[in-house]
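The values are calculated or read from the model by the stated rules, or taken from the named source; none is laboratory data. Everything numeric here is computed off the predicted structure, so don't read it as measured data. As a convention, Cβ positions derive from the backbone with ideal geometry for all residues, glycine included, and neighbour counts pool all protein chains shown.
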Amino acid sequence: MRRLALLAVLLGLGSAALALNAERVLVFFFDPTQVAPTDPRLSEQVWQGPGDARLVLWLAPPRPGKPTILYFHGNAGNLAARAGRFARILDHGYGLVAMAYPGSSGSTGELSSAAIQRLARALYDTLPDLPGMADADKVVLYGESLGTGVATELAAELAPDASPAGLVLEAPYTSILDVGKRAYPLVARWLHYLGNPWVSRDHITRVTVPTLILHGTADRVIPPDMGQTLFDLSPAPDKQLLLVQGAGHENVWQPAAERTLYAFLDRL
């Protein structure tokens with residue numbers, strides 16, 4: 001209800017204000033607190049991105065022959081909130097580059113969906129120059145919730161000549177607009193003011209790299225039929241959908257999901 005009230009205020013201020021603020025009201029709920037990683041295998045770096053962006057990254061190099069995960073997190077919390085899953089990723093020898101969006105984890109810069117997408121591409125292009133990443137020759141894009149739109153659009157941008165080794169989508173949506181129309185039906189007509197609606201149902205049709213989709217059957221935030229739709233639309237010859245029975249939006253990492261993820265990564 002608070003979000004709807006805020007949106008009503010923005011509507012009263014006019015479309016210009018809405019265009020500037022709709023994403024911050026409806027989409028981004030990051031924790032700006034910068035917390036250094038406690039896992040000694042992880043290092044924290046500040047990456048100078050395009051423009052005035054300064055992004056906090058958590059990094060760990062891969063073991064020989066293992067892929068590196070370029071991780072795009074969801075729309076809430078910070079990198080420290082994901083420390084547990086990062087530790088399990090490192091336990092299996094995978095490299096990690098976790099990007100904190102502007103407004104999250106101490107990162108600064110323009111906070112908008114368009115800016116996040118530009119930063120994701122720039123980071124991908126410069127990844128080999130990051131500390132310990134010179135030998136990270138197999139990069140897998142991993143999107144969590146909000147980050148699935150970032151990862152899918154980036155994979156589509158890179159196709160076919162600079163495609164990543166694979167794509168993993170956890171609790172993905174068909175587009176931000178589709179999610180918003182379900183969550184905010186009373187103000188659905190205003191959702192077109194979102195700067196980049198991350199239309200994954202279009203972008204996925206250009207992605208042919210190995211793709212894994214993980215979605216909880218009890219997800220009430222992003223319904224599992226959206227994950228099914230993306231799977232059906234994907235032209236990837238090697239694609240897999242795991243519907244995690246009983247899992248909601250934030251607990252997809254059940255044992256079956258982890259086993260499936262590691263098996264997928266190990267065969268790339």
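Tabulated values for the structure
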item	result
Close pairs (7 angstrom Cβ cut-off, 6 or more residues apart or separate chains): free of Cβ contacts under 8 Å to residues at least 40 places away in the same chain in region 223-235, of a type in the set (Lys, Arg) and surrounded by 15 or more Cβ atoms within 10 Å (Cβ to Cβ) anywhere	PHE231/LYS239; LEU233/ARG201
Residue within region 109-131 that is crowded, with 23+ Cβ neighbours inside 10 Å and more than 15 Å from the chain's Cα centre (by Cα) present	no
Subset of region 148-174 (residues that are surrounded by fewer than 20 Cβ atoms within 10 Å (Cβ to Cβ), small (Gly, Ala, Ser) and modelled with pLDDT of 95 or more)	ALA156, ALA159, ALA165
Among (1) buried (at least 17 other Cβ atoms within 10 Å of the Cβ); (2) of a type in the set (A, V, I, L, M, F, W, C); (3) modelled with pLDDT under 95 - the single one PHE29 does not satisfy	(1)
Those residues of region 61-82 which are assigned to a helix (DSSP H, G or I) and either hydrophobic (A, V, I, L, M, F, W, C) or under 17 Å from GLY166 (Cα atoms) (or both), in sequence order	LEU79, ALA80, ALA81
